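J.: My structure is below; once you've seen it, I'll send some questions.
The values are calculated or read from the model by the stated rules, or taken from the named source; none is laboratory data. Keep in mind the model is a prediction, meaning the values are calculated, not measured. Neighbour counts run over all protein chains shown; Cβ positions are idealised from the backbone, glycine included. Calculation scope for accessible area: heavy atoms of the full protein, side chains included, ligands and nucleic acids excluded. Shrake-Rupley method; radii C 1.70, N 1.55, O 1.52, S 1.80 Å.
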Amino acid sequence: VFITVTDSVKGWLEKDLADVIFGERGFIEEDEYEIIMKDRYVAVLQKGMLPGCRSVNIEELYSFPYISTNQKLVDQDIDQSKFSEILYCNSSDDTSIVSMVKEGVGIAVLPSLSLKNAIQGIKVVNITPGIYRYIVFAHRRKNPAAVRFVEFMKNYIKQKIERR
């Protein structure tokens, strides 16, 4: 079994470079895929910001310095030109972004799945209106093992979500 973590998977199924591709809908460029879960983007703030607030309107975020993670899907819903300050951070690791928020560099918008464990020094709030990403599987339908694997993973993920 080979597992590859990358942002570039265009044409992998048709070139026989992969049997199954797992990722965000915007990055999976295959013709057919199955949505397996919807993940909400949340605002990540330094602890103490917006006391008592459990959700924030997207317009309220524009008053803070913003750490841009160059996430194409988020950039469609957030008008970066409205921020007074923007720090562009190209990191494959959300932990770096969270550390910058914790130190007061600015706020960030990240997928809630990447923040499932409690992190000291930050506050996570929902954004209204909601911004979402869709996690999908694309696979070779003629490969019985790939089909069984995708079915297994869909059931596994569904059970994990139901336990939350």
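J.: Those residues that are of a type in the set (Asp, Glu), at pLDDT below 75 and either open to solvent by 40 Å² or more (accessible area, probe 1.4 Å) or in contact with a helix residue (DSSP H, G or I) (Cβ under 8 Å, 6 or more places away or on another chain) (or both), I need them from segment 15-49; list them, please.
T.: Glu29, Asp31, Glu32
J.: Related question: List the strands (runs of 3 or more DSSP E) that sit entirely inside segment 50-145 and contain at least 1 residues that are open to solvent by 70 Å² or more (accessible area, probe 1.4 Å).
T.: Because the criterion is at least 1 residues that are open to solvent by 70 Å² or more (accessible area, probe 1.4 Å), the strands (runs of 3 or more DSSP E) in segment 50-145 that meet it are 86-88, 122-128, 132-139.
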